[in-house]
1. Scan segment 217-234 and tell me whether some residue there is among the β-branched types (Val, Ile, Thr), under 20 Å from ILE174 (Cβ atoms), crowded, with 20+ Cβ neighbours inside 10 Å and in contact with a Lys or Arg (Cβ under 9 Å, 6 or more places away or on another chain).
2. Determine whether VAL157 is out of contact with any Phe, Trp or Tyr (no Cβ under 7 Å at 6 or more places or on another chain), closer than 18 Å to HIS299 by Cβ and outside the structural domain of ASN293 (by TED's automatic domain parsing).
3. Please give the helices (runs of 4 or more DSSP H) falling wholly within segment 1-111 in which 3 or more residues are modelled with pLDDT under 75.
4. So LEU264 ticks every box in (1) touching a helix residue (DSSP H, G or I) at 6+ places or on another chain (Cβ under 8 Å); (2) of a type outside the set (D, E, K, R); (3) over 30 Å from LEU100 (Cβ atoms) but one. Which box is left unticked?
5. Hey, among PRO152, PRO130, which residue is free of Cβ contacts under 8 Å to residues at least 40 places away in the same chain and either crowded, with 16+ Cβ neighbours inside 10 Å or of a type in the set (Lys, Arg) (or both)?
6. With the requirement that a residue be under 21 Å from the mean Cα position of the chain (by Cα) and part of a loop (DSSP other than H, G, I, E, B), what does segment 184-195 give you?
Amino acid sequence: MKYIVYLTIALLAGACTKEEQPVASENTGILDIFTPGADADPVVRGIYDSHGIWVRTAFSSVQEITNGYLEVDALVRARGVQPLDPALESEVFAYTSALLANVPGSFTKAFFPLEIFYVQTYGASWWIYPLKHLGRSRLVISWPNTTTGAIPVTDPVNHYYQDSVLAVGVWGIIAQSIVSRMENPIEEFVAAGKPYDNGQAYDQLVNAYYADDDLAKYEAGVEALTREGGYLTGGGSRDFRADLSGWIRLLATTSYEEIRARYLDDSPARAAKYSVVVDFARQYGWDIQATGNTFHQRHNNP
């Protein structure tokens, strides 16, 4: 037994002498996994080359889409996924191109999902998901989308701007991916508002509303909580991820004038957080507020 222990130690020591400072392998194969093939549609290849995102519309088995690299969706795998109608490929390519048109590749390659997968339906029966975030690497979008409030596709080239409900939903998931890929919270953003309390204060307001059914009191309480804390919603008081993801979604889909009037003029804490988000995106070459301004203008002036 002692001989085996000594032999193991010797082998480990010998291995360390070959490479005292371990380094990453030259080719782990991860890049190949998230890369479209040589025969990919030119639009798919173009989006990948410019933004580092693989737009997928077909799969050979349900496991190929439900088995993400950081999450496995066993429920949907059992219930199934309906593939996208091939006739609609041009529509989803147009939608993706519009979604990414105002976001530089320097930002998407650092923070966006690695894949956007379009299907007809994701799940079955009561478990159908119009949008799904699988791990932090894959965004699944059903097409035509069935999110409550989404509109039919009549103008594929401009549908991204026409359907604000779908756009806000998509950006909500993308924002989650952005925040989940950050190594650490943005210190300046956290410091600009009150400390997060895991939603304790907000939950107290909700519980009081359930008890007395006083809507005016509840709304006034939430407004005070968010204004003083620098949050957009009561849920933003829970943690950094919930807070920042809400801000990213807001700025990417809303004009500055609307944001200022609704959130900034009466809250120095929110105004400070707004500036931090703008500066953060700008570090990667993205004018996030310009993206929101463009969306607002195109949505209201079809």
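The values are calculated or read from the model by the stated rules, or taken from the named source; none is laboratory data. Not measured: the values here are computed from a predicted model. Heads up, the Cβs are rebuilt from the backbone with ideal geometry, glycines too, and the neighbour counts pull from every protein chain shown.
1. Our first condition is that a residue be among the β-branched types (Val, Ile, Thr); within segment 217-234, this holds for 222, 226, 233.
Cutting the leftovers down to under 20 Å from ILE174 (Cβ atoms) gives us 233.
Among the residues that remain, those that are also crowded, with 20+ Cβ neighbours inside 10 Å are: none.
No, segment 217-234 contains no residue that is among the β-branched types (Val, Ile, Thr), under 20 Å from ILE174 (Cβ atoms), crowded, with 20+ Cβ neighbours inside 10 Å and in contact with a Lys or Arg (Cβ under 9 Å, 6 or more places away or on another chain).
2. Working: out of contact with any Phe, Trp or Tyr (no Cβ under 7 Å at 6 or more places or on another chain): yes; closer than 18 Å to HIS299 by Cβ: yes; outside the structural domain of ASN293 (by TED's automatic domain parsing): yes.
For VAL157, the condition - out of contact with any Phe, Trp or Tyr (no Cβ under 7 Å at 6 or more places or on another chain), closer than 18 Å to HIS299 by Cβ and outside the structural domain of ASN293 (by TED's automatic domain parsing) - is met.
3. Filter on segment 1-111 gives 2-18, 30-33, 74-79.
4. Tallying (1) touching a helix residue (DSSP H, G or I) at 6+ places or on another chain (Cβ under 8 Å); (2) of a type outside the set (D, E, K, R); (3) over 30 Å from LEU100 (Cβ atoms), LEU264 fails exactly one: (3).
5. Working: PRO152 fails: either crowded, with 16+ Cβ neighbours inside 10 Å or of a type in the set (Lys, Arg) (or both).
Testing whether each residue is free of Cβ contacts under 8 Å to residues at least 40 places away in the same chain and either crowded, with 16+ Cβ neighbours inside 10 Å or of a type in the set (Lys, Arg) (or both) leaves just PRO130.
6. If we filter segment 184-195 for residues that are under 21 Å from the mean Cα position of the chain (by Cα), which is where we start, we get 184-187, 189-190.
If the condition is that a residue be under 21 Å from the mean Cα position of the chain (by Cα) and part of a loop (DSSP other than H, G, I, E, B), then ASN184, PRO185, ILE186 are the ones that fit.
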